[in-house]
Ligand code: AMP
């Protein structure tokens with residue numbers, strides 16, 4: 001669980017924290033406020049308790065969130081289904097609908113709801129806002145949102161491509177247009193959000209026209225522990241020949257596939273050093289990762305026709321120069337030329353890593369989902 005206390009206008013971060021290993025006896029909280037870091041370690045049974053711990057650390061640092069001038073609490077909610085295309089104020093009806101959508105995101109929506117309910121109880125006077133990870137892709141053109149399966153079955157069960165990481169794709173698209181000093185309505189972008197989860201999107205004039213994640217966040221790029229695209233027949237095949245039930249297959253595809261499935265590791269720093277040491281499994285994992293990434297870049301170049309910039313963001317996208325180099329190698333004839341020195345330079349700022357004569361700009365834009373959520377929540381409440 002991650003949280004920030006952030007000023008929506010200035011972007012100033014007053015406090016931030018992360019709770020890890022919720023449900024374990026050796027959970028931890030790292031809370032940083034005004035430059036000081038406080039740590040807690042010990043048992044944290046569930047997400048509700050994690051939030052209580054976090055609020056307690058605010059208290060210990062001298063900020064009682066119950067009495068301070070909190071404008072809103074913004075909750076990241078993963079699946080908004082067809083129901084939510086914009087942020088909404090938390091209400092009983094909204095909670096019921098997010099709950100109903102849990103069948104589409106069984107790992108995420110129920111946990112998001114625990115956070116929403118806990119904050120309602122702990123901070124009853126502060127307006128709460130749900131910001132949906134799917135919202136940016138709500139209006140995907142129907143040719144990219146539609147799966148070519150029996151349309152009656154699809155309609156009955158709400159099967160379509162929803163897309164995820166939308167808050168990040170939207171934020172980064174806006175920041176890229178600003179970096180280029182261009183009107184967002186005139187800019188076409190390929191956005192590559194490469195973190196532990198990874199997704200690509202094609203953005204035309206500020207609107208998403210395609211994205212790599214689908215009904216769930218399992219589709220698309222190779223990820224830390226998720227397979228991304230596979231032949232769907234693999235699922236039936238495993239059911240029939242490997243005696244795996246759907247839960248076992250689900251767990252394998254989500255938790256022990258992707259980079260981890262191929263080489264046992266999902267942290268890109270570890271994989272990079274294993275590749276440097278000549279590890280065969282890590283090298284294959286890296287090659288499969290890059291191959292899939294290039295496929296999507298190629299698809300979106302054609303999809304968009306004219307591309308102004310390719311934008312890298314999130315943990316891997318912002319910090320792994322080899323992925324940016326290899327993802328865009330030998331594409332000079334497509335107008336894409338990465339500047340090796342600019343690419344290798346370390347920085348936390350938005351930056352251009354293509355050469356001056358690269359027709360398509362290549363940018364690294366740090367994502368900031370917390371600020372994006374805070375801004376959306378503030379806009380709604382105000
Ligand atoms: P995120 O999900 O955006 O937090 O990104 C997590 C991923 O970013 C993990 O796979 C990390 O290994 C990777 N990452 C973070 N820092 C670096 C780095 N300096 N070099 C390569 N990968 C990194």
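Bear in mind these aren't lab numbers, they're just calculated from the coordinates by the rules spelled out. What you see is a predicted model, and the numbers here were worked out from it, not measured in a lab. For neighbour counting, all protein chains shown are included, and Cβ atoms are generated from backbone atoms with ideal geometry for every residue, glycine included.
Classify the chain as rounded, prolate or oblate, taking a ≥ b ≥ c as the square roots of the eigenvalues of its Cα gyration tensor: rounded when a/c is under 1.5, otherwise prolate if a/b is larger than b/c and oblate if not. Write out the running numbers ahead of the final one.
Working: a/c = 1.38, a/b = 1.23, b/c = 1.12.
The shape class here is rounded.
Hey, with R₀ at 51 Å, roughly what FRET efficiency would residue 345 and residue 243 work out to, going by the Cβ-Cβ distance, to 0.05? Could the numbers behind the result be given before it?
Details: r = 52 Å, r/R0 = 1.01.
The computed FRET efficiency comes out at 0.50.
Using the Cα gyration tensor of region 80-194, with a ≥ b ≥ c the square roots of its eigenvalues, what is the shape: rounded (a/c below 1.5), prolate (a/b larger than b/c) or oblate (neither)?
Numbers: a/c = 2.51, a/b = 1.17, b/c = 2.13.
Since a/c reaches 1.5 but b/c is at least a/b, the shape of region 80-194 is classed as oblate.
Expressed as a whole number of Å, what is the distance separating the alpha-carbon centroids of region 270-331 and region 357-382?
When both Cα centres are located, 22 Å separates them.
Give the relative contact order (percent, whole number) for the chain; include only Cα pairs under 8 Å separated by 6+ residues. Don't skip to the end; give the middle numbers.
Numbers: 712 pairs, mean separation 56.1, N = 382.
Once divided by the residue count of the chain, the mean separation gives 15 percent.
Quick check on the exposure proxy: order 58, 136, 312 from fewest to most C-beta atoms within 10 angstrom. Don't skip to the end; give the middle numbers.
Working: 58 21, 136 25, 312 28.
Arranged by neighbour count, lowest to highest, 58, 136, 312 become 58, 136, 312.
For region 234-326, compute Rh as the Kirkwood radius over C-alpha pairs and then the Stokes-Einstein diffusion coefficient at 10 °C and 1.306 mPa s; write the answer in µm²/s, rounded to an integer. Mind dumping the intermediate values first?
Working: Rh = 15.3 Å.
My calculation gives 103 µm²/s for D.
I need the semi-axes of the equivalent ellipsoid of region 117-185: take the C-alpha gyration tensor, multiply each eigenvalue by 5, square-root it, list largest first in whole angstrom.
Values: eigenvalues 166, 131, 11 Å².
Three semi-axes, in Å: 29, 26, 7.
Just rank 244, 213, 274, fewest to most, by other beta-carbon atoms within 10 angstrom. Let's see the in-between values first.
Numbers: 244 16, 213 28, 274 19.
Taking fewest neighbouring Cβ atoms as first place, the list is 244, 274, 213.
For the residue pair residue 270 and residue 236, what label-to-label distance in nm results when each label sits 7 Å from Cα along the Cα-to-beta-carbon direction?
3.6 nm
Starting from the 7 Å offset along Cα-to-Cβ, what nm value, one decimal, do you get for the label separation of residue 359 and residue 329?
Here the modelled spin labels are 2.3 nm apart.
What spacing in nm lies between the two simple spin-label points modelled at residue 67 and residue 16, each 7 Å away from Cα in the Cβ direction?
2.9 nm
In Å and on Cα atoms, what radius of gyration and Dmax does region 1-138 show?
15.2, 42
Compute the Cα gyration tensor for region 175-331, then decide on rounded, prolate or oblate, letting a ≥ b ≥ c be the square roots of its eigenvalues: rounded whenever a/c is under 1.5, prolate when a/b is larger than b/c in the other cases, and oblate in all that remain. Present the calculation step by step, with values, prior to reporting the outcome.
Working: a/c = 2.44, a/b = 1.49, b/c = 1.64.
The shape class here is oblate.
Can you sort 93, 178, 170 from fewest to most other Cβ atoms within 10 Å of each residue's own Cβ?
93, 178, 170
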